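Reviewing the structure listed below.
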Amino acid sequence: MKATTGQAYQLFHQGTQALAEVERAGMRIDVARLDSTVKEVGNQIEELISGMTQSGVWKLWKKRWGVKANLGSRYQLGPVLFEDMDYTSTSKTKTGRTQVNEESLEQVDNPFVKDYLRLEKLKKLQSTYLKGIRRETVNGFLHPSFNLHLVKSFRSSADSPNFQNIPIRDPEVGKLIRSCFIPREDHVLVEVDYSALEFRVAAMHWRDEAMIAYASDSTLDVHRDMAAECYCLPVDRVPKKCRFFAKNQFVFPQLYGSFYANCARSLWGMISSAELTTDDGVGLFEHLADRGIDRLGSCDGSRRPEKGTFEKHIMEVETRFRDKFPQWAKRKEQWWKKYRKCGWFDMMTGFRCQGVYSRNQLYNIPIQGPAFHLLLWSLIQVVRTLKRDKMRSRVVGQIHDSIVADVHRDELNEYLSLVKRVMTVDVREHWPWVVVPLEIEVEKSETNWFEKVAVEA
DNA sequence: CACTGGAGCCAC
DNA sequence: AAACGTGGCTCCAGTG
């Protein structure tokens, strides 16, 4: 693989230099708070363990595993629950062992297992995040590495620690870790995200008119519309959660090569695990049953879905999705055929990918890569401008479609107008194929990375 | 003791 | 035909 245009080369050359500046700046850490959180969580873990080792389940555990018994081993927990006790497992791993993950353990109604899930959550928080970040903190600053040479899609990665996967979805965990990331003295943290970046890039890559229309008109919302279809809701009454799951379990999976059986399985699973309801509080199973959909179906893939199943319904939604975006449906097949013939493909940002790729990688890579390249180009301009103008604000991190900066109070307005211009105007002049508007969302915090609030951009 | 792969979980 | 992608990190279990 090599960068085939000067522009692609320049992007990664300058990108490397800019990210080096980002690494050097680093993010300020509230070390005292981090240390006390480590202690606090450590105490919680100890308490949980001492409670659990009093339990009858632990007796069974020791009976089976003897001196080797290890509370940290899922491998050991599986047979205790599913052989020694009466619980039944739902699924197997690819090596044929019974799965002992969060999803399968949530089916087990047992106080010990509830404690186990909480214990695992706290251990992950403690070892990967709290202690991992503490270990990498030097003189109150964290300097994660940002790589441009490791990712197949020509995205970036981050390590030591991985700045790109700090928890946020679970508010309890997110708060404990993110509140240890703080602005410098007299600074505020500012995080700027591109809105719906990957969808916009997909629209431009496939040159699908309907996709471009969605990407160009902020009153349109593809995730809302597909949520309405998937869960049989009126378009103007789609609950937020339903939209969220349609986005992540239907729209993106479809764009990246999944199919109805897998989408149906995951969308169906969300109904119970997230307790989905209509906007007037009717449970979604009941809502769907009223419309003649009362079970999931086998989701076999090799068998035709049966009438009355959710699988069959999602199969029909999939057909409508392809009809909605006909040029996408057609061009992705041509795209794959052309690659099979010549063995390479080009990204819109000038990278040529040559080598062995799966079909789904061919759908994903030309979207994921260029989406990041828009962000990287913007980051380069922002870093350079801050330096040129001798400003005190610093870019301190990057998460695929967002830029995190530590901005001096007095420079806030200047910084905001800079990023807005670069990310929404200048980048479109640099790459004329950006034919849809780009929008950003801005959040800031005076205190820490958890307490951020939206700012009018 | 060093290393590897699987399984799992965090992010976009 | 076949079935969503890209990563990093931790722990366990197995190997030699």
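Read-outs: derived from the displayed coordinates by stated rules, not from any lab. Small disclaimer: the values here were computed from a predicted structure and weren't measured. Cβ placement follows ideal geometry from the backbone for every residue including glycine, while neighbour counts extend to all protein chains displayed.
A few remarks follow.
- Against the empirical curve 2.2 N^0.38 Å, the C-alpha radius of gyration of segment A:84-156 lands at a ratio of 1.66.
- Net length gained if the chain between A:R135 and A:S73 were fully extended (0.36 nm per residue, minus Cα distance): 19.8 nm
- Hull-based mean projected area of segment A:391-436, where the convex hull spans the alpha carbons, in square nanometres: 3.8 nm²
- Hydrodynamic radius by Kirkwood, which averages 1/r over all alpha carbon pairs of segment A:42-115, in angstrom: 12.9 Å
- In loop segments of segment A:186-277 as defined by DSSP, the trypsin sites (Lys or Arg not before Pro) with at most 14 further C-beta atoms inside 10 Å of their C-beta are A:R207.
- For segment A:171-251, the fraction of C-alpha pairs more than 15 angstrom apart is 69%.
- Phi angles across segment A:279-286 convert, under the Karplus curve 6.51 cos²θ - 1.76 cosθ + 1.60 with θ = phi - 60°, into 3J(HN,Hα) values of 5, 9, x, 7, x, 5, 4, 5 Hz, Gly and Pro given as x.
- For segment A:234-249, Karplus couplings with θ = phi - 60° (6.51, -1.76, 1.60), whole Hz, Gly/Pro x: x, 4, 8, 9, 9, x, 3, 4, 5, 4, 4, 6, 4, 4, 8, 10
- In this label model, A:R118 and A:Q44 are separated by 0.9 nm, measuring between points 7 Å along each Cα→Cβ vector.
- Centroid-to-centroid separation of segment A:394-436 and segment A:43-103 [C-alpha atoms, Å]: 48 Å
- Here, segment A:314-404 yields an orientationally averaged convex hull projection of 8.5 nm² when only Cα atoms define the hull.
- Longest to shortest principal axis, alpha-carbon extents of segment A:209-324, angstrom: 38, 36, 21
- For segment A:416-424, Karplus couplings with θ = phi - 60° (6.51, -1.76, 1.60), whole Hz, Gly/Pro x: 5, 6, 4, 5, 5, 5, 4, 6, 10
- Residues of segment A:421-442 with an amide N closer than 20 Å to a point placed 7 Å from the Cα of A:A454 along the Cα-to-Cβ direction: A:421, A:424, A:437-442.
- About its Cα centre, segment A:1-95 has a charge dipole of approximately 440 debye under the convention of +1 per Lys or Arg Cβ and -1 per Asp or Glu Cβ, with nothing else charged.
- Using equal-weight Cα scatterers in the Debye expression, the normalised intensity of segment A:312-367 in log10 at q = 0.14, 0.19, 0.31 Å⁻¹ is -0.46, -0.73, -1.25.
- Listed peptides A:386-393, A:291-298 appear in the order A:291-298, A:386-393 once ranked by packing, highest mean of other Cβ atoms within 10 Å at the front.
- Positive-end ranking of A:P167, A:Y214, A:W268 along the dipole of segment A:132-284, with charges on Cβ about the Cα centre, is headed by A:P167.
- Exposure rule at most 15 other beta-carbon atoms within 10 Å, DSSP loop GluC sites (Glu not before Pro): chain A longest free segment: A:1-184
- Close Lys pairs in segment A:311-431 (alpha-carbon distance under 19 Å; sequence gap of 8 or more, or different chains): 6.
- For segment A:75-183, trypsin sites (Lys or Arg not before Pro) meeting the loop criterion (DSSP other than H, G, I, E, B) and having at most 16 other Cβ atoms within 10 Å: A:K94, A:R97, A:K152, A:R169.
- For chain A, the antiparallel share of DSSP beta bridges with both residues in that region comes to about 95%.
- Note on segment A:209-324: with charges restricted to the Cβ of Lys and Arg (+1) and Asp and Glu (-1), its dipole about the Cα centre is near 300 debye.
- What the Kirkwood sum gives for chain A is a hydrodynamic radius of 24.9 Å, with every pair of different alpha carbons counted.
- Candidates per chymotrypsin sites (Phe, Trp or Tyr not before Pro) in segment A:119-221, loop by DSSP, up to 13 other Cβ within 10 Å: none
- You can think of it this way: the chain between A:K390 and A:R169 has 75.9 nm of extra reach, that is 0.36 nm per residue less the Cα-Cα gap.
- Rounded to the nearest 20, the Cβ-based charge dipole of chain A about its Cα centre (Lys and Arg +1, Asp and Glu -1) stands at 1960 debye.
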